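Trainee: Provided herewith is a single structure, encoded as structure tokens, for subsequent inquiry.
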Amino acid sequence: MTTKPILLVEDTPDDAELTIMSLKQSGLVNEVVLAEDGVEALDYLFGRGKYEGRNAKDTPALVLLDIKMPRLDGIEVLQQLRADKRTSVLPVVVLTTSSEDVDLARAYESGANAYVRKPVSLAQFQEAVRQLGLFWILTNEPPKAPR
Amino acid sequence: MSSSSEKHAAEAIENAELKAQNARLQAAAKADRIAIDDLKEAQRHIEILNLDLEGRNRALEALNKELESFSYAVSHDLRSPLRSIHGFSEALTQSAASKLSRDEAAWLQKISDAAARMDRLTEDLLRLSRITRSELKREPVDLAPIARDVVHELRQTDPERNAVFAISDSLTAEADPVLMRVALANLLGNAWKYTGRRSEALISFTKERRPDQTVFCVRDNGAGFDMAYASKLFAPFQRLHSAREYPGSGVGLACVARVIHKHGGRIWADAKTGEGAAFFFTIPGEICVQ
């Protein structure tokens, strides 16, 4: 099992708290790094800005990515991730409120590995996050680290 | 008579004819001028109408764009606080259950139930706007297999129920299969729901050929309704039954009506309280199959 952190990209503090709470409850011990918008997420992944000096080769185990965010939205983040060799195969799950077909299509077209709509019910949300965590951290065989 | 007076007389006649011809020509020219003025006037009028139409088109486009971004905002922004309300009240229920009185636990439950209800309402509202925004793609389609598929799904929700479905063999129409599935899922879903208290539910989907048109009909022997309120049937968020008796948000029939209206068809109902309901609709341009 990977002990690499999970990068949560979420601009709504309440949603971030509920997601972190649900991840903890699912028994995963991976550190959760919170980026509050797309720019911060890219800064973390590429070791710049606030994360200047962080080694970009230390990719997180999984990125949980919201779509609608200020500054840089999730789709743009995804496109920039896929365009960069260091993060081109990083597992990214879009975790969003939107059930709009256009978001679904754009997410997959931009290289998302999965798309999960956040349920309003906490119990359902916890179950969704638990399954996500278990699958992507325990079950799934991640891509080999880029050289 | 001398030849010169004959000549004069002939000239006079010719002159008179020329004058008459001239007068006719002048009259014709005047009529032409009037006609040309009329045409110019008409042309100006058409130009004004065209400008008006262009303006309206632009306004409609702007309105459509606004509707789209409105729906998008509803989908994203209205839901987020709902998840906070629901999520944290449930979190509180989970962590403080032993410390809460029965009343307090019930209040928390009411908060999260209300948030869940509002989430369903926003989802329904979005469904309705998705139908409005979607493009109509007509093709020859048999509604019977679509209906049977919907029925199969309904039966799975409650396999024990005693329900008889009668779906005609060939229910062809020139329609959008995706949108018609939405309409039939709602109509048959309603029939299924409102026959829930019958010992034997009878639900049919048929087609009648009337002199001027073909009419499709979904009929049930369920709870029915009072025709006095029939005008409210197809308006969104209008309900004729209490949520306690028959749950729902009142968007289903509004969705059906939008689908039928998008096809240029009509929809209407006939019912009696306690004796079932029948919903009729037409789809203009349907294909006749012998």
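Trainee: Let me know the shape class of region A:95-144, please: from the alpha-carbon gyration tensor, a ≥ b ≥ c as square roots of the eigenvalues, rounded when a/c is under 1.5, otherwise prolate if a/b is greater than b/c, or oblate.
Mentor: Because a/c hits 1.5 or more and a/b fails to exceed b/c, region A:95-144 counts as oblate.
Trainee: Among the GluC sites (Glu not before Pro) within region B:41-150, which fall in a DSSP loop and have no more than 11 other Cβ atoms within 10 Å of their own Cβ?
Mentor: B:Glu135
Trainee: May I ask you to evaluate 6.51 cos²θ - 1.76 cosθ + 1.60, the Karplus curve with θ = phi - 60°, for each residue of region B:18-27 and list the ³J(HN,Hα) values in order in whole Hz, giving x for glycine and proline?
Mentor: 4, 4, 4, 4, 4, 4, 5, 4, 4, 4
Trainee: Can I ask one more? Can you sort B:Thr122, A:Thr3, B:Thr132 so the residue with the fewest Cβ neighbours within 10 Å comes first?
Mentor: By the 10 Å Cβ count, ascending: A:Thr3, B:Thr132, B:Thr122.
Trainee: Right, another one. Short version: ³J(HN,Hα) in whole Hz for each residue of region B:131-139, in order, from phi by Karplus 6.51 cos²θ - 1.76 cosθ + 1.60 (θ = phi - 60°), x for Gly and Pro, what are they?
Mentor: Once rounded to whole Hz, the list reads 5, 4, 7, 6, 8, 7, 10, 7, 7.
Trainee: Here's something else I'd like to know. At 222 nm, what helix-only mean residue ellipticity would the protein assembly as shown give, in deg cm²/dmol to the nearest 500, using -39500 (n - 2.57) for each DSSP H run of four or more?
Mentor: -17000 deg cm²/dmol
Trainee: Continuing with this model, one more query. Could you check what % of the DSSP bridge pairs in the protein assembly as shown are antiparallel, to the nearest 5?
Mentor: 50
Trainee: Name the longest site-free stretch of chain B, where the excluded sites are trypsin sites (Lys or Arg not before Pro) in a DSSP loop with no more than 13 other beta-carbon atoms within 10 Å.
Mentor: B:1-136
Trainee: Alpha carbon centre of region A:90-133 versus region A:25-43: separation in Å?
Mentor: Region A:90-133 and region A:25-43 have Cα centres separated by 15 Å.
Trainee: Any idea how far apart B:Phe280 and A:Glu141 come out in nm if each label point goes 7 Å out from Cα toward Cβ?
Mentor: Here the answer is 6.4 nm between the modelled labels.
Trainee: Long-range amide H contacts for A:Val116: which residues qualify at under 5 Å (H placed 1.01 Å from N, peptide plane, sequence gap of 5 or more or a different chain)?
Mentor: A:Val94, A:Leu95, A:Thr96
Trainee: Which distance in nm do the two modelled labels at B:Ala114 and B:Ala166 give, with both placed 7 Å along the Cα-to-Cβ direction?
Mentor: 4.8
Trainee: Here is a further query. In region A:71-106, which trypsin sites (Lys or Arg not before Pro) fall in coil by DSSP and have 13 or fewer other Cβ atoms within 10 Å?
Mentor: Here the trypsin sites (Lys or Arg not before Pro) that fit, given the DSSP loop and packing criteria, are A:Arg71.
Trainee: Continuing with the same structure: Chain A: longest stretch without exposed GluC sites (Glu not before Pro) (DSSP loop, at most 12 other Cβ within 10 Å), sites themselves excluded?
Mentor: A:53-147
Where a number appears in this text, it was derived from the coordinates with a stated rule and is not lab data. Quantities reported herein were computed from a predicted structural model and do not represent experimental measurements. Cβ coordinates were reconstructed from backbone atoms using ideal geometry, including for glycine residues, and neighbour counts include every protein chain displayed.
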